[in-house]
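Laboratory data are not the source of any read-out in this text; all were calculated from the coordinates shown. Given the structure is predicted, the values throughout are model-derived calculations rather than measurements.
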Amino acid sequence: MSQISAQDRVAPAADGRVGGPVTLMNRFVVPPDRDAAFHALWTTTSQYFMRQPGFVSLRLHRALSSEADHRWVNVATWESEADFRAAHATEEFRQLVTAPGWQEFPSSPMLFEVVTSVG
């Protein structure tokens, strides 16, 4: 299995200036029999993010069907895109996301901004 670079784990930059909070949605390909291994790696990595300036919240979702292509989705809110970028530019981040085991869980990170909120 080929190594995934740290850059592959970072969402692309916004097309323009974002003036408020951003939400990372990162979808992961995880075979059903590898849930425990994925969750352990994710837990270790998430502890790093929770200590970073600008971190607001984090949720991890798992699909109810094993048929889903991307069975796990990480949703994290940051105070700004700059805070998100700073947390993803450190050597500690690079070491965490290139650690043995991560290469078997490809992901698709993307940043979003809230357009409509109800409730």
Original post:
So what is the relative contact order for region 32-110, in percent, with contacts set as C-alpha pairs under 8 Å and at least six apart?
Top reply: 30 percent
Original post:
If you bin every alpha carbon distance in region 29-98 into 10 Å steps from zero, what whole percent lands in each bin?
Top reply: 18, 46, 29, 7
Original post:
In the chain, how does Rg compare with the Kirkwood Rh, expressed as the Rg/Rh ratio over alpha carbon atoms?
Top reply: 0.96
**OP:** Could you tell me the distance between the Cα centroids of region 25-57 and region 91-109, to the nearest Å?
**Re:** 10 Å
Original post:
What angle, in degrees between 0 and 90 and rounded to the nearest 10, separates the Cα long axis of helix 35-50 from the longest principal axis of the Cα atoms of the chain?
Top reply: 30 degrees
**OP:** Evaluate the relative contact order of region 37-80 (contact order divided by residue number), counting alpha-carbon pairs under 8 angstrom at least 6 apart; express in whole percent.
**Re:** 35 percent
Subject >> Orientation-averaged projected area, Cα convex hull of region 9-50 (nm²) >> reply: 4.0 nm²
Original post:
Averaged over all directions, how much area does the convex hull of the C-alpha atoms of region 75-117 cover when projected, in nm²?
Top reply: 3.9 nm²
Subject >> Computed lengthening from Thr116 to Asp15, 0.36 nm per intervening residue step minus Cα-Cα distance >> reply: 34.4 nm
Original post:
How large is the helix-only mean residue ellipticity at 222 nm for the chain, computed as the sum of -39500 (n - 2.57) over DSSP H runs with n ≥ 4, divided by its residue count, in deg cm²/dmol to the nearest 500?
Top reply: -7500 deg cm²/dmol
